[in-house]
Amino acid sequence: MGTPLNPDDMQSLLTHDRRYQRASAILTDQWQRIMADEDLAYRQQITIDDLQFAKALLASETLTSQFEFDHYAGVQRLRQHYGSQLTSSAQHWLVQKYL
């Protein structure tokens with residue numbers, strides 16, 4: 001069994017709100033769909049909050065993904081795949097424990 005989600009994350013999971021949709025789109029490589037639905041340019045990029053929730057969903061074993069947050073190679077693969085779609089702060093957050 002995975003790590004339990006915190007109450008806010010569980011609420012997002014149960015309601016499949018926008019926050020959940022963004023995190024799951026990262027994990028399932030469906031980010032283009034999110035970009036098409038967002039009117040504001042700054043919301044078209046992947047943020048730290050999106051990544052943190054995606055990581056929590058993986059840790060809880062709610063979703064599976066080709067992307068991994070637990071080792072450097074997995075993080076680099078995620079960074080290379082999404083590239084400029086990640087905000088600069090999100091890119092830094094991904095690698096901060098490896099610096």
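Quick notes on this one:
- Probe 1.4 Å, all protein chains present, accessible-area order of Leu27, Leu40, largest first: Leu40, Leu27
- Only protein heavy atoms count here; on that basis, with a 1.4 Å probe, Thr47 has an accessible area of about 30 Å².
- Distance between region 3-23 and region 56-70 - C-alpha centres, whole angstrom: 13
- Share of carbon and sulfur in the accessible heavy-atom surface of the chain [1.4 Å probe, %]: 51
- Enclosed volume per residue, in Å³, of the convex hull spanned by Cα atoms of region 25-99: 84
- With 0.36 nm allotted per residue and the present C-alpha distance subtracted, the Asp8-Thr28 stretch has 5.1 nm of extension available.
- Computed over region 1-71: relative contact order in percent, which uses C-alpha pairs under 8 Å that are six or more apart: 42
- Charge dipole magnitude, Cβ of K and R +1, D and E -1 - region 17-93, Cα centre, debye nearest 20: 120
- Of Arg43, Arg22, Arg77, the order by accessible heavy-atom surface (1.4 Å probe, DNA, RNA and ligands excluded), from most exposed downward, is Arg77, Arg43, Arg22.
- Rolling a 1.4 Å probe across all protein chains gives Arg19 an accessible area of roughly 90 Å².
- Ordering Val75, Ser12, Leu99 by Cα displacement along the dipole of the chain toward the positive end leaves Leu99 in first place; charges were set at the Cβ atoms of Lys, Arg (+1) and Asp, Glu (-1).
The values are calculated or read from the model by the stated rules, or taken from the named source; none is laboratory data. In this text the structure is predicted, and so the values were computed from the model without any measurement. Methodologically, a virtual Cβ is constructed for each residue, glycine included, from the backbone with ideal geometry; neighbour enumeration extends over all protein chains shown. Protein only, heavy atoms only, side chains kept; ligands, DNA and RNA dropped before computing areas. Shrake-Rupley method; radii C 1.70, N 1.55, O 1.52, S 1.80 Å.
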